[in-house]
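Peer 1: Pasting a structure below so you can have a look.
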Amino acid sequence: MVYGIGNPLIDIIVSVEEEDITALGIHKGTMALIQQERMEELLNLSKQRNTTYSCGGSCPNTIIALASLGVNATLAGKIGNDENGAIYTSRLRELGVHDQLAVTDRDKTGSTVILITPDSERSMNTYLGANRLYEASDVDEKTVQDASIFHFTGYMWDTQSQQEAITKALQIAKKHNTLVSFDIADPFAVGRYREPFLKLIKEDCDVVYANREEARILFDNYDPYECCRSMGKLCRTAIVKNGKKGSYISHEGKVINIPVKGPVTPVDTTGAGDVYAAGFLYGLYHDFSIKDSGIIASILAGEIITQRGAQFSSEKAAQLRELLTSDAWKLL
């Protein structure tokens, strides 16, 4: 089983007009962290427009992708005791994800209102809400102990209580030889926690993912290959994703290059890194080689950017399951 602790964010996707963006004073195409008052304003707007809901969040995207590929996967995090929390839990169940979401009355479920204008530009507004309250007592010790892989992201470092929860899970994982997978996930998080992250990678992690920007900040080096080598000296398996140029994987000190699979021009890159991590973990879970796991990661990332959103449809997931259980993926 793969166990992930992350920030469950319900994605509220709203079709709007240009004048809505102007009236709200939003810089089109950006991502902003917002407070509760702003969220209420956006939710009121969503009730007057064409709106859809989906499960979001970096770690949740990875866990959902794994479940869609037939892997036994569990998601932990914190939601509010509200309608959005109920929608999120219900959707996870439909997607085949086991949930260990803690519920609180102290804040609302975290959410991202994604405003889409007619030109397909996405303006994202995130309210972290209940996520920030996840704490050590919410971690299920037996689940970490029984998991073959524990996955988390750099977003979990933004509150003391979340850090303490991850630290507890890491201690349990180390004690029971659970493989630890860490996706740095956000350049701004590296900027805030560079030294703690370096220590975390060296002392607690087996597999670490960074994109080239995160790796650059971490190692003060613009060369993704050299960054991968540097990170590979700290942990057993280090991955640096290099956009259209593929990715580098350092395993036990040896660096291999994984080519891009799929289109060079994406429709939507939302969740591409999360799905890459899911592909790599899928490979490890099924005892594939490091190189083959990297190729599967590249194939899945290539697939997700051909569509809108960070999750595969049930039809696409079924096609991918069939592809991965045959040898056909090796021919791509």
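What follows is calculated from the coordinates using simple rules that are stated; it is not laboratory data. Worth saying up front: this structure is predicted, and the values here are computed from it rather than measured. In this analysis, Cβ positions are derived from the backbone assuming ideal geometry, glycine residues included, and neighbour counts consider all displayed protein chains.
Peer 1: Hey, if you put +1 on the Cβ of every Lys and Arg and -1 on every Asp and Glu Cβ in segment 1-87, which of Leu24, Ile13, Ser46 ends up farthest toward the positive end of that dipole?
Peer 2: So the residue furthest toward the plus end is Ile13.
Peer 1: Strictly over 23 Å apart at the Cα level, which of Lys199/Lys245; Lys175/Lys291; Lys233/Lys261; Lys175/Lys254; Lys174/Lys199; Lys174/Lys291 would you flag in this model?
Peer 2: Details: Lys199/Lys245 29 Å; Lys175/Lys291 28 Å; Lys233/Lys261 27 Å; Lys175/Lys254 27 Å; Lys174/Lys199 15 Å; Lys174/Lys291 25 Å.
Those over the limit are Lys199/Lys245; Lys175/Lys291; Lys233/Lys261; Lys175/Lys254; Lys174/Lys291.
Peer 1: Could you work out which residue, out of Asp292, Asp11, Asp223, moves most in a Gaussian network model of the chain, that is, has the largest mean-square fluctuation with Cα springs under 10 Å?
Peer 2: Highest fluctuation of the listed residues: Asp223.
Peer 1: Going by amide H atoms built from the backbone, whose H comes under 5 Å of the H on Asn7, apart from near neighbours?
Peer 2: It is Ser58, Cys59, by chain and number.
Peer 1: What area, in nm² and to one decimal, does the C-alpha convex hull of segment 198-332 cast on average over all directions?
Peer 2: Mean projected area for segment 198-332: 8.0 nm², to one decimal.
Peer 1: In addition: Gaussian network model of the chain, Cα springs within a sub-10 Å range: biggest mean-square fluctuation belongs to which of Thr112, Thr30, Thr237?
Peer 2: Thr30
Peer 1: Tabulate in residue order the Karplus-calculated ³J(HN,Hα) for segment 191-199, using 6.51 cos²θ - 1.76 cosθ + 1.60 with θ = phi - 60°, rounded to whole Hz; enter x for Gly and Pro.
Peer 2: x, 7, 10, 3, 5, x, 5, 4, 5
Peer 1: Also: Could you derive backbone 3J(HN,Hα) for segment 122-127 from the dihedral phi with the Karplus parameters 6.51, -1.76 and 1.60 (θ = phi - 60°), listing whole Hz in sequence and x where the residue is Gly or Pro?
Peer 2: Whole-Hz 3J(HN,Hα) from phi for segment 122-127: 10, 10, 10, 10, 10, 10.
Peer 1: Using a Förster radius of 51 Å, what is the FRET efficiency between Gln319 and Gln48 based on their Cβ-Cβ separation? Nearest 0.05, please. If you can, show how the numbers build up before the last one.
Peer 2: Values: r = 37 Å, r/R0 = 0.72.
Plugging the Cβ-Cβ distance into 1/(1 + (r/R0)^6) gives 0.90.
Peer 1: For the chain, with only Lys/Arg (+1) and Asp/Glu (-1) charged at the beta-carbon, what is the dipole magnitude about the Cα centre, in debye rounded to 20? Don't jump to the answer; show the numbers that get you there.
Peer 2: On the way: 34 positive and 43 negative charges, 194 e Å.
It works out to roughly 940 debye.
Peer 1: Right, here's the next one. For Gly246, which sequence-distant residues (separation of 5 or more, or a different chain) have an amide H within less than 5 Å of its own amide H, given hydrogens modelled in the peptide plane?
Peer 2: For Gly246, whose amide H was placed from the backbone, the distant partners under 5 Å are Val260.
Peer 1: To the nearest 20 debye, what charge dipole does segment 141-255 have about its Cα centre, counting +1 at the Cβ of each Lys and Arg and -1 at the Cβ of each Asp and Glu? Please report the intermediate quantities before stating the final value.
Peer 2: Values: 17 positive and 16 negative charges, 61 e Å.
Roughly 300 debye, rounded to the nearest 20.
Peer 1: Could I ask something else about it? In nm, to one decimal, how far is the Gln171 label point from the Gln36 one, both placed 7 Å along Cα→Cβ?
Peer 2: 3.2 nm
Peer 1: Nearest 5 percent is fine: what portion of the DSSP beta bridges confined to the chain is antiparallel?
Peer 2: Values: 22 of 59 bridges.
Percent antiparallel among DSSP bridges in the chain is about 35.
Peer 1: Using all C-alpha to C-alpha distances in the chain, build P(r) with 10 Å bins and read off the rounded percent in each one.
Peer 2: Cα pair-distance distribution for the chain, in percent: 6, 27, 35, 25, 7, 0.
Peer 1: Expressed as a whole percent, how much of the Cα-Cα distance distribution for segment 1-106 exceeds 22 Å?
Peer 2: Roughly 38 percent, rounded to a whole number.
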